[in-house]
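Quick note: the coordinates plus some simple rules give every number you see, no bench work behind them. Bear in mind that the values here come from a model prediction, so they are computed numbers and not experimental data. Using ideal geometry, Cβ is built from the backbone for each residue, glycine included, and neighbour counts are taken over all protein chains shown.
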Amino acid sequence: MLKLEGLKKSFGGVAATRDVTLDFADGSLTAIIGPNGAGKTTLFNLITGRFPIDSGRIMLAGEDISRLSRREIVRRGIGRAFQVASLFPTLTVREALAAAAQAHQRRETAMLVGFPTGAAMKHADEVMELLGLTRVAGILSRNLSHGDQKLLDIGLALALEPKVLLLDEPTAGMGPEERWRMIETVQRLWRARGMTLIFIEHDMDIVFKVAQTVRVLSYGSVLAEGTPEEVRRNPQVIEAYLGKSAHGSAEGAAA
Amino acid sequence: MTGRWRDLAWAGAGLLVLLLVPLFGAPPAIRDFIMFGMAYGLLAMSLNLLIGYSGLVSFGHAMFFASGAYAFGLAMQSGKFSIPAAFALAIVFTAVLALIVGAICVRLNEIYFAFLTLAFQMLFYNVILGWVSFTGGDQGLMGGIPRPKFLGIDLADRTQLYIFCSVAFIVCIAILRQLVTSPFGYTLRLIRDNQERAAFLGVNVPLVKLTCFVISACVAAVGGILLTLFVSGAYPNFGFWTTSGEAIFMILLGGSNVFLGPLVGTVILRLLNDITVTYTSHTELVLGIVILILVLGLRKGPLDLIAERLENRRQAAAQAVRDAADAGANGTGKGGS
Amino acid sequence: MDLDALMRCVGTTSCIVTQLTSGMIIGMLLFLIASGVTLIFGVLNVINFAHGSLYMIGAYAAWTFYQLTGSYFVSALGAAVAVGVLGVLFERFLMSKVYGSNVLMQLLVCYAVVLISDDLIKIIWGPVSLSMGMPVEFRLPPLRFFGGVVPPFYIFMIVAAMAIGLLLWLVIARTRFGNIVRAAAVNGPMVSALGIRVNLYYAAVFGIGSALAGAAGALAAPVRSLTPGMGFSILIESFIVTVIGGMGSIVGAFVASIIIGLTRSFGSIGFPLFVDGVMFLIMALVLIFKPSGLFGRPHNK
């Protein structure tokens with residue numbers, strides 16, 4: 001579904017990703033892990049066109065999307081939620097989701113009808129139902145609890161009916177119990193929508209229990225990939241997480 | 001759509017009230033007050049489409065007010081156009097002007113946007129001042145604006161002029177209302193709240209901003225046309241920066257988060273002006289102090305404060321619903337922390 | 001449009017000298033104002049829309065001091081210091097209250113200050129325009145270069161403005177004060193965490209920027225007529241200068257000021273009606289091809 005081929009990006013001479021090549025199968029559930037600064041969020045930023053890539057290619061369902069604008073990439077079916085929920089503070093949950101649905105239906109600039117249109121409303125209600133947000137439908141986004149904000153952030157992406165959904169640390173800032181509830185919701189919507197889902201996660205228990213495949217990034221390169229079992233036993237991964245991280249210094253000197 | 005019918009009913013009621021005023025023999029001073037209020041009200045209302053709804057702080061909106069006034073006045077003085085044709089021409093001219101200025105400005109960050117709009121307004125003002133043979137320079141369009149009859153309407157008659165302006169005014173307000181309650185209006189709010197995120201929803205942010213800028217300019221132009229018809233002339237100070245400043249101040253006085261807020265602000269400012277001039281010639285000093293008190297004291301417009309109270313009450317009710325749902329679900333939902 | 005006149009002017013050295021000096025005068029006044037705008041923006045991230053008023057107050061203050069003392073140098077210095085102090089008060093009591101708010105609130109505060117100061121000027125100095133006349137120190141025979149006549153005061157203005165600009169640049173680039181200011185421009189809270197009282201530096205920067213405007217007003221007083229509202233058009237031009245030169249760059253402000261000054265002086269011969277248009281055209285071209293300005297950092301916020 002989504003293929004990254006030799007992605008390179010550096011900021012002012014500092015390499016953020018170097019030669020990342022990854023393939024995400026249609027309908028798969030993948031976790032991306034790696035120490036802080038490994039380039040996980042940068043990878044999402046490159047895929048979604050927030051920053052232009054220096055070299056490489058991003059293929060979505062056989063189409064090269066690496067030079068497209070942020071907006072075109074969204075239109076092609078890549079949705080995204082952010083590490084810190086990115087919301088519209090003065091819109092209620094229902095309004096925000098309906099507005100997103102309207103943008104998806106390309107009716108966001110319609111001036112002669114009222115907001116929201118019936119179709120957008122129905123769509124917003126479905127998303128609220130799926131994420132358990134119906135009970136907060138009338139609350140302004142800025143007044144939501146942290147967990148509900150994260151859910152709404154995912155909901156905004158879902159309203160665009162993405163083929164590929166990127167979640168940047170969906171469980172960030174949550175207590176253990178809340179995390180599991182969140183990850184159950186993520187699993188539920190993945191099954192319900194049958195899309196390709198990629199998430200960044202720090203909690204290894206969650207990663208190894210939930211993900212079908214795991215990709216490990218370190219210093220902007222792919223360190224390992226495979227099933228949770230394979231990754232867990234990979235000596236390089238163990239070293240990256242536990243050891244003093246000898247890996248990467250040689251490449252660092254070369255760059 | 002019940003909301004649509006309710007808005008139309010409000011528009012009808014508003015028009016009725018405006019039209020009843022001359023019937024009941026209101027003194028000319030009151031009618032003049034309302035006429036000025038309608039012209040400047042359109043300026044403030046259209047500017048709030050930018051400032052309040054889209055977060056685009058323009059300091060050059062009077063440029064479009066003046067471009068409507070001058071284009072209409074010059075077209076009428078040329079004697080080649082009927083009033084409806086000149087009206088349309090003035091709006092088209094303003095739209096093209098706004099398209100050019102907007103295309104340069106909307107991609108910039110908000111500080112650049114504020115002072116580039118201010119700068120372009122200054123350019124426009126200087127053109128009016130400098131091109132004496134065409135615009136009359138600092139004397140303005142002299143000699144009156146001819147008002148030939150069209151479709152049996154005679155705008156040289158004060159009452160008919162008043163009715164014409166009231167209808168044009170209400171139509172513009174209704175258009176603005178329709179706009180802000182449409183998907184487009186909500187898209188503007190998306191951009192105001194979080195431009196970055198709006199782009200990630202697939203919204204073409206610069207295009208939406210530019211569209212909003214042009215529409216807003218056209219409504220301001222109508223305000224300028226009404227003023228030109230009313231005072232039978234056009235003057236450079238229509239497009240001076242202080243007029244833009246006043247429009248922003250009207251929005252502050254009324255409130256930017258309430259649809260009719262700027263209109264209320266227009267009325268308050270005109271009253272404030274009228275009251276101050278009876279006591280002192282230093283109106284600017286008084287206005288400046290009022291602005292400082294409002295900005296540094298209240299930090300927002302009075303109507304905004306009231307609207308916020310109401311919103312808080314609504315939110316408390318909505319949160320009570322959520323808490324009840326959470327308690328009922330007994331742990332299957334998510335606890336509001 | 002009279003491009004022939006421009007061609008004829010460029011053909012004679014005397015005309016070139018005259019236009020060059022008058023262009024430099026316009027440019028240097030602009031530079032003093034624009035460098036204040038750009039300095040305040042660079043450090044505090046606010047646009048001081050009231051900067052033109054400070055220039056006006058500087059000119060009026062210099063006029064009064066000159067009436068009192070009879071010495072232009074004392075008056076100019078006094079005006080700069082007085083406006084600097086005024087700037088600090090303005091920053092502490094008004095602007096600092098709206099740093100966190102949106103641009104609209106900052107704009108309104110400045111708008112209020114412009115209204116108040118214009119009216120106060122009318123109350124104190126009267127609504128009619130004043131003129132200082134050539135100060136006694138400069139009542140000297142004009143200098144001649146290549147057939148062009150240059151009043152000595154013009155030379156003083158240009159040299160003084162350049163000296164002030166150089167001093168400003170040295171202070172910002174070479175001193176401990178400048179280091180802290182530049183650090184605060186990038187990350188105020190961080191500097192504050194180091195135990196430095198950032199607010200003090202903010203006030204100082206605002207004061208310096210204001211003093212520059214005051215100095216510009218004092219330098220302009222002998223050659224411009226003093227009217228309430230005189231600060232506005234030079235404010236707009238200084239904005240154009242900062243856009244062309246690049247927000248936050250003093251060197252950029254210098255180069256752009258000279259570009260605009262010369263455009264004005266030579267343009268007034270060749271295309272008097274289109275001088276403003278040409279200035280805006282230059283600005284629009286810079287915005288399209290190098291949005292951060294000729295010497296600015298990229299500002300893609």
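A few notes on this one:
- Percentage, to the nearest whole number, of Cα pairs in chain A over 31 Å apart: 26 percent
- Between the amide H of A:Ile139 and those of A:Val93, A:Arg94, distances stay under 5 Å, these residues lying 5 or more places away or on another chain, with hydrogens modeled in the peptide plane.
- Rounded if a/c under 1.5, otherwise prolate or oblate - region A:129-227, Cα gyration tensor axes: prolate
- Absence of a disulfide-compatible partner, taken as no other cysteine beta carbon within less than 4.7 angstrom, is noted in chain C for C:Cys110.
- Average other protein chain Cβ within 10 Å of Cβ, residues C:96-108: 5
- Chain C - mean residue ellipticity at 222 nm from DSSP helices (-39,500 (n - 2.57) per run, n ≥ 4, rounded to 500): -24500 deg cm²/dmol
- In straight-distance terms, cross-link reach from C:Lys97 covers every one of the lysines whose alpha-carbon lies under 24 Å from its own, apart from those fewer than eight places away in the same chain; here that gives B:Lys300, C:Lys301.
- Per-residue average of Cβ from other chains inside 10 Å of A:103-109: 6
- Region C:220-301: proportion of alpha-carbon pairs further apart than 22 angstrom, %: 30 percent
- Region B:186-277: radius of gyration over Cα atoms, expressed as a fraction of 2.2 N^0.38 Å: 1.35
- Ignoring aspartates and glutamates fewer than eight residues from C:Lys122 along the same chain, the ones with Cα atoms less than 12 angstrom from its Cα are B:Glu284.
- Value at 222 nm in deg cm²/dmol, rounded to 500, when DSSP H runs of n ≥ 4 in chain B each add -39,500 (n - 2.57): -25500 deg cm²/dmol
- Relative counts (whole %) of C-alpha pair distances in region A:88-143, using bins that are 10 Å wide: 27, 53, 19, 0
- Cα shape, the protein assembly as shown, gyration tensor, a/c 1.5 rule: oblate
- Long-range HN-HN contacts of A:Ser10 with modeled amide H, under 5 Å: A:Ala16, A:Asp54
- Percentage relative contact order, region B:86-196, counting C-alpha pairs under 8 Å, at least six apart: 7 percent
- Charge dipole (chain B, unit charges on Cβ, about Cα centre) - positive-most of B:Gln121, B:Val167, B:Ala69: B:Val167
- Taking a point 7 Å out from the Cα of C:Val10 in the direction of its Cβ, the residues of region C:248-278 whose backbone N falls within less than 14 Å of it are C:263, C:266-271.
- Normalised per residue, the volume of the convex hull around the Cα set of chain C (Å³): 139 Å³
- Peptide packing for A:64-75, A:197-208, B:56-67 was compared via the average number of neighbouring C-beta atoms within 10 Å per residue; ordered from the highest value, the list is B:56-67, A:197-208, A:64-75.
- Largest first, the three principal axis extents of the alpha carbons in region B:2-241 are 54, 50, 29 Å in whole numbers.
- Residue (of C:Ile282, C:Leu170, C:Pro141) at the positive-pole extreme of region C:3-289, dipole from beta-carbon charges: C:Leu170
- Anisotropy class of region C:156-260 from Cα gyration tensor, a/c 1.5 cut: prolate
- The distance linking region C:1-78 with region A:56-81 is 52 Å (Cα centroid to Cα centroid, whole angstrom).
- This model, with +1 at the C-beta of Lys and Arg and -1 at the C-beta of Asp and Glu, gives region A:88-143 a dipole about its Cα centre of some 80 debye.
- Comparing A:Leu130, A:Ala31, A:Gln105 along the charge dipole axis of chain A, the residue lying farthest to the positive side is A:Gln105, per the Cβ-charge model.
- The mean number of partner chain beta-carbon atoms within 10 angstrom of a residue's beta-carbon across peptide B:250-256 is 1.
- Divide the volume of the convex hull around the Cα atoms of region C:1-134 by the residue count and you get 172 Å³ per residue.
- Only helical runs count toward this figure. For chain A, summing -39,500 (n - 2.57) over DSSP H runs of n ≥ 4 and dividing by all residues gives -11500 deg cm²/dmol at 222 nm.
- Packing rank of A:2-13, B:100-111, where each peptide gets the mean count of other beta carbons within 10 Å, highest leading: B:100-111, A:2-13
- Amide H contacts of C:Phe145: C:Val150, each under 5 Å away and 5 or more positions distant or on a separate chain (H built 1.01 Å from N in the peptide plane; Pro and chain starts excluded).
- Each Lys and Arg contributes +1 and each Asp and Glu -1, all at the Cβ; summed about the Cα centre of the protein assembly as shown, the dipole is approximately 200 debye.
- Spatially proximal lysines relative to A:Lys40 (Cα-Cα < 22 Å; intrachain offsets below 8 disregarded): A:Lys3, A:Lys8, A:Lys9, A:Lys150, A:Lys163, A:Lys209, A:Lys244
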